[in-house]
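To start, the structure under review is shown below, and the notes come after it.
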Amino acid sequence: MRTKRKDEEEMEKTQDLHKTNEEVEETGKYVCAAGEVKELQKGEKFPNCPKSDKPTTWRHTDHVHKTGEQVTESGQYVNEGGVHVDLKEGDTFPSCPKSGKSVTWKHSGHTHH
């Protein structure tokens, strides 16, 4: 049995994106790539995007991101201090605009187009 390398463990941590038709492993609220939030139950299958009705990716709304990590999904995010920012896929999560300190960010479930 081989042991996992550190980068493999990191990959697993970021594998929080779920695709349409994968089984929901944890009941809760999920947000699709278009920013639509849906309550899903364990054992259900991830649905198509509610907006486009096409296959999409979903992530748990409680997932947190840290300053310096790459944004994998465009949308509005809120940090632990309640500061909202709009970020695009490929951006880097910033430090807190107010304090300048490293913070954690959560998807706020709101999108601005």
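The values are calculated or read from the model by the stated rules, or taken from the named source; none is laboratory data. Remember, predicted model here, so these are calculated numbers, not experimental data. Heads up, the Cβs are rebuilt from the backbone with ideal geometry, glycines too, and the neighbour counts pull from every protein chain shown. The area values use the complete protein model at the heavy-atom level, side chains included, leaving out ligands, DNA and RNA. Shrake-Rupley method; radii C 1.70, N 1.55, O 1.52, S 1.80 Å.
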Can you tell me how many residues in the range 28-58 are in contact with a His (Cβ under 9 Å, 6 or more places away or on another chain), of a type outside the set (A, V, I, L, M) and surrounded by 17 or more Cβ atoms within 10 Å (Cβ to Cβ)? 5
A careful count of residues in the range 59-103 that are touching a His at 6+ places or on another chain (Cβ under 9 Å) and at positive phi gives 1
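Which is open to solvent by 50 Å² or more (accessible area, probe 1.4 Å), under 22 Å from Thr104 (Cα atoms) and within 10 Å of the chain's Cα centre (by Cα), of Asp86, Asp62?
On the way: Asp86 fails: within 10 Å of the chain's Cα centre (by Cα).
Residue meeting the stated conditions: Asp62.
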Would you point out the residue of the range 93-113, among those that are within 16 Å of Val64 (Cα to Cα), open to solvent by less than 80 Å² (accessible area, probe 1.4 Å) and of a type in the set (Ser, Thr, Tyr), that is modelled with the highest pLDDT? Ser95
Pick from the range 65-83 the residues that are of a type outside the set (S, T, N, Q) and free of Cβ contacts under 8 Å to residues at least 24 places away in the same chain: which of them is surrounded by the most Cβ atoms within 10 Å (Cβ to Cβ)? Val71
